[in-house]
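Have a look at the structure below before the remarks.
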Amino acid sequence: MAAGTLYLIPCPISDETAPWDVLPASNRAVMDSLDYFIVENTRTARRFLSKAGVTRPIDELEFRELNEHTVAEREVGELVKPLLAGRSAGVISEAGVPGVADPGAAVVAECHRCGIRVVPLVGPSSILLALMASGLNGQSFAFNGYLPVKPPERSRAIRFFERRAQAEGQSQLFIEAPYRNVKLFEELLRTLAPTTRLTLAVDVTAPGERIITRTVAEWQRLPLPEMNKRPAIFIIG
């Protein structure tokens, strides 16, 4: 029996956004064809599929979780067994595209090891959308995840990424836990050079979306924008 296919299914970045406002209609046929989903969180995945209006009853679908608690190699192998038996599956992240800053990468890697076809579907990525709208270098860029939490280490990381942006012309992207956005932004303004460009992208794809690029000196002359407890991408360029 031929192996199944692993589909990487994007979902809206914001809960305020309807699925088909940001996803292409072609994704619907794939989602309707599946009854097995590997998800970061079952509750939110069920809600997404329900809002998307999949044709199969939600209670008839099988959900297996892949998150920080289930990334051991043995457990990931168990998730892939149904695909080896010919069953296809969909991977759903908490927000945006699976496999990017997301534990879904572990099951994708296991499928490649097993020779299982992996198909990424089109959908919103806050990282790429923020970069697109930043005006910073989109030819060379790096996503660096989270910066260190402790202030001395974080300041060193900020200076390191600023040097890389200046020396290589490479845009440096990173994220923060939403409740720490303000502290990070304030530290960026204290640490970066006045002429360094800094992009703040908040609530990407949501009704309140704001993506703004200014020099640090320009940011320093203005009140802090609203970003507390809102998903944000930061870019140094």
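Computed from the coordinates by the stated procedures, all read-outs in this text should not be read as laboratory data. Being a predicted model, the structure only gives us computed values, none of them experimental. We place every Cβ from the backbone using ideal geometry, glycine too, and count neighbours over all the protein chains shown.
Worth pointing out:
- Förster-model FRET efficiency, 35 Å R0, L189 and E16, C-beta, rounded to 0.05: 0.80
- Distribution of pairwise C-alpha distances over region 126-236, 10 Å bins, in %: 15, 53, 31, 1
- Of all DSSP-defined beta bridges confined to the chain, some 45% are antiparallel rather than parallel.
- q = 0.13, 0.23 Å⁻¹, region 5-120: log10 I(q)/I(0) [Debye, one scatterer per Cα]: -0.44, -1.42
- Computed lengthening from V119 to Q166, 0.36 nm per intervening residue step minus Cα-Cα distance: 13.3 nm
- Residues T42 and R214, FRET efficiency given R0 of 41 Å [Cβ-Cβ distance, rounded to 0.05]: 0.50
- Inter-label distance, nm, simple model (7 Å from Cα along the C-beta direction), S50/M132: 3.0 nm
- One entry in (i) 16.9, 51; (ii) 19.7, 65; (iii) 17.4, 62 is Rg and Dmax of the Cα atoms in Å calculated from the shown coordinates; its label is (ii).
- The alpha carbons of region 89-157 give a radius of gyration and a Dmax of 15.5, 45 Å, in that order.
- GluC sites (Glu not before Pro) lying in DSSP loop within region 204-237, provided at most 13 other Cβ fall within 10 Å: E226
- Degrees, to the nearest 10: 42-52 long Cα axis against longest axis of the chain: 80 degrees
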